[in-house]
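Chemist: Got a structure for you, questions after.
The values are calculated or read from the model by the stated rules, or taken from the named source; none is laboratory data. Just so we're clear, the structure is a prediction, and the values are computed from it rather than from any experiment. Ideal geometry is used to build each Cβ from the backbone, glycine not excepted, and the neighbour counts take in all protein chains shown. Just the protein is used for accessible areas: all its heavy atoms, side chains included, with ligands, DNA and RNA removed. Shrake-Rupley method; radii C 1.70, N 1.55, O 1.52, S 1.80 Å.
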Amino acid sequence: MHAHAIKLTVVPGGKSAPDTEETTTMEPTITQTAAAPASTAPARPIPLLQDRIRREQVATLLKTLLLPLLTFAVVIAAWSYIHIHVAPEFPAPSETWEHAKDILADPFYDTGPNDMGIGWQLMYSLGRVAAGFGLAALVGIPLGFAMGMSRGVQMALSPLIQILKPVSPLAWLPIGLLLFKAVDPSAIFVIFITCIWPMVINTATGVKAIPQDYMNVAAVLKLGKVELIRRILFPATLPYVVTGMRLSLGIAWMVIVAAEMLTGGIGIGFWLWDEWNNLNVSSIILAIGIIGGVGIVLDLMMGWAQNRLDYSKR
Amino acid sequence: MSAYLDLQNIDMTFATAKGEFNALKDVNLKVQKGEFLALIGHSGCGKSTVLNIVAGLLDASAGVALLKDREIRGPGPNRAVVFQNHSLLPWLTVSENVKLAVDKVMADKPKAERREWVMHNLRLVHMEAAADKRPGEISGGMKQRVGIARALAMQPDVLLMDEPFGALDALTRAHLQDSVMEIQAKLNNTVLMITHDVDEAVLLSDRIVMMTNGPSATIGEILTVDLPRPRHRLKLAEDPHYHHLRGQVLEFLYQKQHKAA
């Protein structure tokens with residue numbers, strides 16, 4: 001959950017792709033003539049080959065399904081072993097399953113602020129992450145652009161960011177509580193701090209990585225400052241920006257659980273801690289599974305956004 | 001008669017970590033309107049520096065560069081550049097890449113006219129069919145065609161080409177050279193082209209400017225290519241005068257300018 005554990009200057013792929021493509025591709029006229037004899041032959045599939053392809057497909061499918069299932073089976077077996085032989089207070093898989101069905105049957109019940117369904121707990125956590133993430137994007141992306149474009153800004157801010165970046169965002173929680181005197185804004189503040197460094201650093205890296213060629217094109221066309229940002233800098237940097245956002249969202253989802261354990265109130269992190277206080281270990285196991293699942297969904301969403309926005313992946 | 005493009009006593013010194021590096025010394029060159037000039041020389045002889053000074057991307061340390069009797073200051077679309085690695089913007093389609101330039105230089109013209117001008121220039125380089133493709137979806141040769149279309153669309157006073165076909169395979173290069181000759185016959189642009197390729201220089205240009213090796217590179221010889229146009233590469237292959245010209249460039253490059261390798 002520490003921000004510094006993740007390499008922040010991730011470069012989106014595709015930088016080298018156009019170059020390799022350039023040397024291997026030929027003029028269309030040439031490829032057409034070369035392809036002509038092949039297309040005149042009747043499209044008769046070779047049965048043996050088709051069989052082999054189908055067999056390979058089935059084998060791949062089995063592998064992608066069976067191997068993960070096998071892993072889960074091993075985990076559940078180990079879990080049962082621990083329950084029976086090591087720590088009997090640890091709930092059995094079947095117990096946990098029954099408990100999970102109970103909890104998930106009514107995720108959105110609401111009998112007052114101290115007793116809400118797990119769905120609500122998740123919603124509150126996601127809301128805080130969204131708020132902190134959004135604020136960080138509003139501040140961090142322009143800041144990253146400023147750093148990438150101006151050597152002065154870069155020199156002014158870089159040492160501060162280098163010092164603050166490796167700090168666990170949770171270290172900021174007391175300062176949030178002191179400043180805002182409330183739980184919600186403090187948690188949002190922590191998420192803001194979590195998200196801002198990858199966004200600033202990736203955006204700045206992206207701006208600095210813009211090939212000199214694009215800048216030469218802009219110079220020859222005499223693009224003004226606004227046009228330069230809108231037509232060249234922003235689209236060229238977008239893949240880096242989205243990568244930074246994806247990284248920060250992943251870390252934010254880890255941090256919110258810990259932050260809520262400390263702040264209390266409503267939220268999946270607090271719920272998990274509360275269940276621990278009630279010695280509901282089944283709930284904790286369930287929460288771990290749910291937090292993981294939501295994390296996957298968040299990452300898939302960012303991955304989808306990345307594919308939509310990243311010109312090198314279209 | 002004053003020259004259309006006139007380089008006078010150009011000196012270029014770069015400040016490097018190891019001290020000053022004198023790349024160009026006393027470069028003098030006069031180019032007439034409609035002339036096709038090839039700049040040839042070994043790597044590191046400062047060919048690109050000359051081109052970048054004309055483009056305005058570099059400022060000469062001493063001397064002046066005049067275009068139509070006005071001093072060149074900074075880059076501008078009247079000196080369009082075809083870059084070696086095409087430099088198309090990968091997030092724009094082929095036509096949008098050309099449109100970016102057209103919108104800039106024809107800002108006062110109506111939209112329909114600008115759109116037609118984009119397509120007109122894509123047709124010149126035979127790329128109208130790929131107008132809606134992105135640079136990532138087309139071959140290296142096609143990208144370079146679009147780069148040429150973008151430069152032509154700016155209707156530059158001088159068209160600058162920085163080893164435009166250097167990254168292409170031999171067959172693709174030949175296709176593009178033919179296209180450039182065809183376009184040049186139609187438009188009669190003033191062209192300054194950097195090349196490494198002796199055949200390309202003789203085939204395309206009216207004069208070949210041969211540069212000495214750096215540091216302190218300058219123009220060694222200028223060879224007038226008096227082959228009649230239109231030129232055909234197959235016919236030239238049997239033309240003794242073509243071989244004579246080619247031999248002169250080779251002799252300059254490999255005998256008079258030994259590369260201390």
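Chemist: When every alpha-carbon pair in chain B is counted, what percent end up more than 22 Å apart? Can you show the working numbers first?
Modeler: On the way: 19191 of 33930 pairs.
Of all Cα-Cα pairs in chain B, 57 percent lie more than 22 Å apart.
Chemist: Can you give the longest run of chain B that contains no trypsin sites (Lys or Arg not before Pro) sitting in a DSSP loop with at most 14 other Cβ atoms inside 10 Å?
Modeler: Result for the longest clean stretch: B:74-258.
Chemist: Please label the shape of the stretch B:132-182 as rounded, prolate or oblate, based on the square roots a ≥ b ≥ c of the eigenvalues of the alpha-carbon gyration tensor (a/c under 1.5 means rounded; beyond that, a/b larger than b/c means prolate, else oblate).
Modeler: Working: a/c = 1.91, a/b = 1.17, b/c = 1.63.
Oblate, because a/c is 1.5 or more while a/b does not exceed b/c.
Chemist: Less than 22 Å apart at the alpha-carbon level, and either on another chain or at least 8 residues along: which lysines does that give for residue A:225?
Modeler: A:208, B:99, B:104
Chemist: Any aspartates and glutamates with Cα under 13 Å of the residue A:222 Cα? List them, leaving off those in the same chain fewer than 8 positions away.
Modeler: Of all the aspartates and glutamates, those that pass the test against residue A:222 - Cα under 13 Å, at least 8 places apart if same chain - are B:103.
Chemist: Go through B:39, A:303, A:108 and say which Cα lies farthest out towards the positive end of the charge dipole of the protein assembly as shown; charges sit on Cβ, +1 for Lys and Arg, -1 for Asp and Glu.
Modeler: My answer, from the dipole projection, is B:39.
Chemist: Could you work out the mean count of beta carbons from other protein chains within 10 Å of each residue's beta carbon in A:272-282? Please report the intermediate quantities before stating the final value.
Modeler: Values: counts 0, 0, 0, 0, 0, 0, 0, 0, 0, 0, 0.
Average per residue, whole number: 0.
Chemist: For chain B, modelled as a GNM with alpha-carbon contacts under 10 angstrom, which of B:122, B:67, B:100 fluctuates the most?
Modeler: Fluctuation is largest for B:100.
Chemist: Go ahead and estimate [θ] at 222 nm for the protein assembly as shown from helices alone: -39,500 (n - 2.57) per DSSP H run with n ≥ 4, summed, over the residue count, rounded to 500.
Modeler: On the way: 20 runs with 317 residues, N = 575.
Per the formula, -18000 deg cm²/dmol.
Chemist: What angle, in degrees between 0 and 90 and rounded to the nearest 10, separates the Cα long axis of helix B:94-105 from the longest principal axis of the Cα atoms of chain B?
Modeler: Roughly 80 degrees, rounded to the nearest 10.
Chemist: Please give the contour-minus-distance gain from residue A:106 to residue A:212: 0.36 nm per residue of separation, less the Cα-Cα distance, rounded to one decimal in nm. Kindly include the intermediate steps, with their values, before the conclusion.
Modeler: Details: separation 106, 0.36 × 106 = 38.16 nm, distance 5.74 nm.
Taking 0.36 nm per residue and subtracting the Cα distance, the gain is 32.4 nm.
Chemist: Residues with amide H under 5 Å of residue B:220's amide H, sequence separation 5 or more or different chain, H placed in the peptide plane at 1.01 Å from N; which?
Modeler: Residues meeting the criterion, in which the H sits 1.01 Å from N, are B:210, B:211, B:212.
Chemist: Using the Cα centre of the protein assembly as shown as origin and beta-carbon charges of +1 (Lys, Arg) and -1 (Asp, Glu), tell me which of B:205, B:81, A:257 is placed farthest towards the positive end of the dipole.
Modeler: Value: B:205.
Chemist: Okay, moving on. Please give every one of the aspartates and glutamates within straight-line cross-link reach of residue B:33, meaning a C-alpha to C-alpha distance under 14 Å, and leave out same-chain neighbours fewer than 8 residues apart.
Modeler: B:6, B:69, B:157, B:206
Chemist: Just want to confirm a number: the relative contact order over the stretch A:113-313, from Cα pairs under 8 angstrom separated by 6+ residues, in percent. It would help to have the intermediate numbers written out before the result.
Modeler: Numbers: 234 pairs, mean separation 56.0, N = 201.
That works out to 28 percent.
Chemist: Further question: Starting from the stretch A:78-120, pick out the chymotrypsin sites (Phe, Trp or Tyr not before Pro) whose DSSP state is loop and whose Cβ has at most 14 other Cβ atoms within 10 Å.
Modeler: Working: sites: A:79, A:81, A:97, A:108, A:109, A:120; in loops: A:108, A:109.
Sparse-neighbourhood loop chymotrypsin sites (Phe, Trp or Tyr not before Pro): A:108, A:109.
Chemist: May I pose another question? Putting +1 on Lys and Arg Cβ atoms and -1 on Asp and Glu Cβ atoms, find which of B:175, B:139, B:118 reaches farthest to the positive end of the dipole of the stretch B:96-189.
Modeler: About the Cα centre, the residue reaching furthest to the positive side is B:118.
Chemist: Tally Lys and Arg at +1 and Asp and Glu at -1 over the other residues with C-beta under 14 Å from the C-beta of residue A:191: what net charge comes out? Provide the component values of the computation, followed by the final result.
Modeler: On the way: positive: A:128; negative: A:184, A:260.
Value of the local net charge: -1.
Chemist: Ignoring any ligand, DNA or RNA, what whole percent of the accessible area of the stretch A:113-313 comes from carbon and sulfur when the probe is 1.4 angstrom? Could you put the intermediate results ahead of the total?
Modeler: Working: 6220 of 8750 Å².
Of the solvent-accessible surface of the stretch A:113-313, carbon and sulfur hold 71 percent.
Chemist: Next question. Name the residues whose placed amide hydrogens come within less than 5 Å of the amide hydrogen of residue B:190, ignoring near sequence neighbours (fewer than 5 apart) on the same chain.
Modeler: Under 5 Å from the amide H of residue B:190: B:34, B:159.
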